[in-house]
Every structure is written in structure tokens, then in C-alpha cells.
Amino acid sequence: MTIVALTVPDDLSAALQVPAERLASEIAFAAAVRLYEEGRVSLAKAAEIACVERFRFAARLAEIGISTAAFDLADVDAARAAAR
């Protein structure tokens, strides 16, 4: 893995209300969520960025109200038609 150094304000952990030792993982999780929301990375890749197991990452997304399900409207219409 590539290591990325990031300079942050000294009081960031206090502002985020997380212990200083969890700050790096908190930032990595936030970046992974954003990249996933933008569709720039898959769920699996986002979980890898966050250093979290894929299903745990999906569960955390659900906890904060972010869906991991994406449906193509054509697929939804086809499923409706097949159900009739």
C-alpha cells in the first residue's frame, strides 16, 4: 500500500471528538465513504481504503444512512414485468 501523509490541525481529533490514535482511521473512513458515494471506487475498494472488512464497511454505511444498493431502472422495470 501507498502511504499518504496528511497535515491536519492539532485540534482536529478534539473537533471530531475522536481519540488522537483513531484520527487516521477516521479520516481514511471519511475519504472512502466520499469516494464510494461519488462512484469513483467500488464498495470493496472503499472498504480496503478504510482498512475495514467489506461487510463491516457496508454495515457502517447503513448506520450513517448510505445505501449500498444501486438499481438500474431498466432492471427494476424488468423485475416488475416478470413478477406479473
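Among A15, A81, A70, A30, which is part of a loop (DSSP other than H, G, I, E, B) and of a type in the set (G, A, S)? I'd like the intermediate steps shown before the answer.
Numbers: A15 fails: part of a loop (DSSP other than H, G, I, E, B); A81 fails: part of a loop (DSSP other than H, G, I, E, B); A30 fails: part of a loop (DSSP other than H, G, I, E, B).
Result of the check over A15, A81, A70, A30: A70.
Residue under question is V76, and the condition is that it be free of Cβ contacts under 8 Å to residues at least 60 places away in the same chain, open to solvent by less than 80 Å² (accessible area, probe 1.4 Å), part of a loop (DSSP other than H, G, I, E, B) and on the phi < 0 side of the Ramachandran plot; does it hold?
On the way: free of Cβ contacts under 8 Å to residues at least 60 places away in the same chain: yes; open to solvent by less than 80 Å² (accessible area, probe 1.4 Å): yes; part of a loop (DSSP other than H, G, I, E, B): no; on the phi < 0 side of the Ramachandran plot: yes.
No: the conditions fail for V76.
The values are calculated or read from the model by the stated rules, or taken from the named source; none is laboratory data. Since the structure is predicted, the reported quantities are computational estimates derived from the model, not experimental observations. As a convention, Cβ positions derive from the backbone with ideal geometry for all residues, glycine included, and neighbour counts pool all protein chains shown. Heads up: the accessible areas ignore ligands, DNA and RNA and are worked out on the full protein's heavy atoms, side chains in. Shrake-Rupley method; radii C 1.70, N 1.55, O 1.52, S 1.80 Å.
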